[in-house]
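Student: I am attaching a structure below and will ask some questions about it afterwards.
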Amino acid sequence: MRLIKIVIITLLLLFLPYLVLTLFLKENENHLFFEYGENTYVKVKREQKNIIEEVLLEEYVVGVLSGEMPISFEEEALKAQAVAARTYVLKKMEAKKEYDVVDTVSNQVFLNEEERKEKWKDKFEERNNKIKKVVNDTKGEYLSYQDKVIEAFFFSTSVGVTENSGEVFSKQLPYLVSVESKWDEKVSPVYQVEYNFELKEFYQQLDLPYQEQLNVKILNTTSTGRVKQLSINGKEFDAGTVFSKLKLKSTFFTIDQVGSMVHIVTKGYGHGVGMSQYGANGMAKEGYRYDQILKHYYQGTIIKNLKK
């Protein structure tokens with residue numbers, strides 16, 4: 001009996017640390033992986049220089065806001081973008097890779113102070129102060145869904161509605177669903193764009209043999225009408241390939257032959273998932289606050305603060 005007690009006590013001593021650690025991790029698995037502080041850094045890969053810079057988190061948000069949204073936008077739209085940008089990079093930081101983000105549209109465009117001075121010249125101080133105030137007013141704020149940092153995708157201009165993430169990307173996320181964005185048509189200069197290509201040029205861009213008659217068939221679209229697959233003269237294309245090779249604004253397009261020319265009309269600008277930037281500005285113009293804008297485009301999310 002005494003031997004059994006000794007064995008039980010020994011086993012408890014061996015496994016107790018494991019049980020405590022497991023329960024601790026379980027309790028905290030939805031929390032951010034780092035403690036936020038004034039010295040939290042983002043590792044930014046500067047693609048042109050091919051170097052990695054460490055930038056303070058809030059200064060990084062200042063740099064992204066300067067590169068991703070027009071300075072003329074309403075303050076509430078800029079605040080919404082600041083929270084989205086902060087959320088986006090926090091999600092990237094969870095991967096704990098060599099660098100967190102690149103400084104281009106592949107992730108988020110980032111401009112450091114020197115680049116902002118070059119961009120804004122004699123208006124630097126005024127515009128820089130405006131951006132810094134917006135970032136400071138939202139300091140530490142990020143978007144959460146079920147206690148997890150979200151994938152805060154954003155883009156320029158919608159087609160009147162946003163897209164379901166699963167119809168554009170590989171995964172459907174519950175907070176990235178199609179919502180109305182009626183404001184874009186009123187405020188975006190790229191809501192609808194027209195392109196004209198000579199027939200020969202059109203075929204060359206798509207690596208197709210020349211034919212007098214152009215035959216385009218839409219094979220598959222998203223629920224909002226964005227093209228996913230199409231055939232051109234019998235050859236099937238992913239819409240993203242056509243979008244990329246012809247340098248179009250979006251995959252919401254029509255293609256028609258007009259004599260020896262090809263006429264293309266696009267609606268919207270960007271992938272269409274998450275927050276529309278021009279839609280956000282339209283909402284701000286109508287008096288919506290930044291938290292209302294964010295909760296509209298990121299359904300079911302809540303705004304949290306890293307300091308709380």
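Every number here is computed from the coordinates shown, using simple stated rules; none is lab data. This is a predicted model, so every value here is computed, not measured. As a convention, Cβ positions derive from the backbone with ideal geometry for all residues, glycine included, and neighbour counts pool all protein chains shown.
Student: Calculate the dipole size of the chain relative to its Cα centre from +1 charges on Lys and Arg beta carbons and -1 charges on Asp and Glu beta carbons; express the result in debye to the nearest 20.
Tutor: Once rounded to the nearest 20, the dipole reads 820 debye.
Student: Next question, about the same structure. What percentages make up the Cα-Cα pair-distance distribution of the chain when the bins are 10 Å wide from 0?
Tutor: Binned Cα distances yield the sequence 6, 23, 27, 21, 12, 6, 3, 2, 1, 0.
Student: DSSP loop (so not H, G, I, E, B), at most 10 other Cβ within 10 Å: list which chymotrypsin sites (Phe, Trp or Tyr not before Pro) in region 196-229 pass both filters.
Tutor: Within region 196-229, the qualifying chymotrypsin sites (Phe, Trp or Tyr not before Pro) (loop, at most 10 other Cβ atoms within 10 Å) are Tyr210.
Student: Taking all pairs of distinct Cα atoms, average 1/r, flip it, and tell me the Kirkwood hydrodynamic radius of region 51-195 in Å to one decimal place.
Tutor: Mean inverse Cα-Cα distance, inverted, gives 16.5 Å.
Student: State the volume of the convex hull built on the alpha-carbon positions of region 192-267, expressed per residue in Å³ and rounded to an integer.
Tutor: 76
Student: Going by average Cβ density within 10 Å per residue, which order do the peptides 59-65, 111-117 take, highest to lowest?
Tutor: Result, highest mean first: 59-65, 111-117.
Student: How big is region 220-308 on each of its three principal axes, counting only the C-alpha atoms and giving the largest first in Å?
Tutor: 60, 25, 21
Student: Starting from region 196-225, pick out the GluC sites (Glu not before Pro) whose DSSP state is loop and whose Cβ has at most 14 other Cβ atoms within 10 Å.
Tutor: Glu212
Student: Continuing with the same structure: Students often forget the sequence filter, so: which aspartates and glutamates lie under 15 Å Cα-Cα from Lys119 once same-chain residues fewer than 8 apart are removed?
Tutor: Lys119 reaches Glu68.
Student: Could you order peptides 291-298, 96-103 by the average number of other Cβ atoms within 10 Å of their residues, highest first?
Tutor: 291-298, 96-103
Student: Mean separation of Cα pairs under 8 Å and 6+ residues apart, divided by the residue count of region 192-267: what relative contact order is that in percent?
Tutor: Over region 192-267, the number comes to 36 percent.
Student: Given C-alpha coordinates of region 92-145, what is the ratio Rg to Rh with the Kirkwood estimate of Rh?
Tutor: Rounded to two decimals, Rg/Rh equals 1.05.
Student: Taking a cut-off of 17 Å between Cα atoms, list the lysines near Lys123, but don't count ones fewer than 8 places away on the same chain.
Tutor: Lys132, Lys133
Student: Among Ser260, Ser165, Ser158, which comes first, second and so on when ranked by fewest other beta-carbon atoms within 10 Å?
Tutor: So the residues, fewest neighbours to most, are Ser260, Ser165, Ser158.
Student: Below 22 Å, Cα to Cα, which lysines can Lys217 reach? Residues fewer than 8 away in the same chain don't count.
Tutor: Within reach: Lys200, Lys228, Lys235, Lys245, Lys247, Lys249, Lys267.
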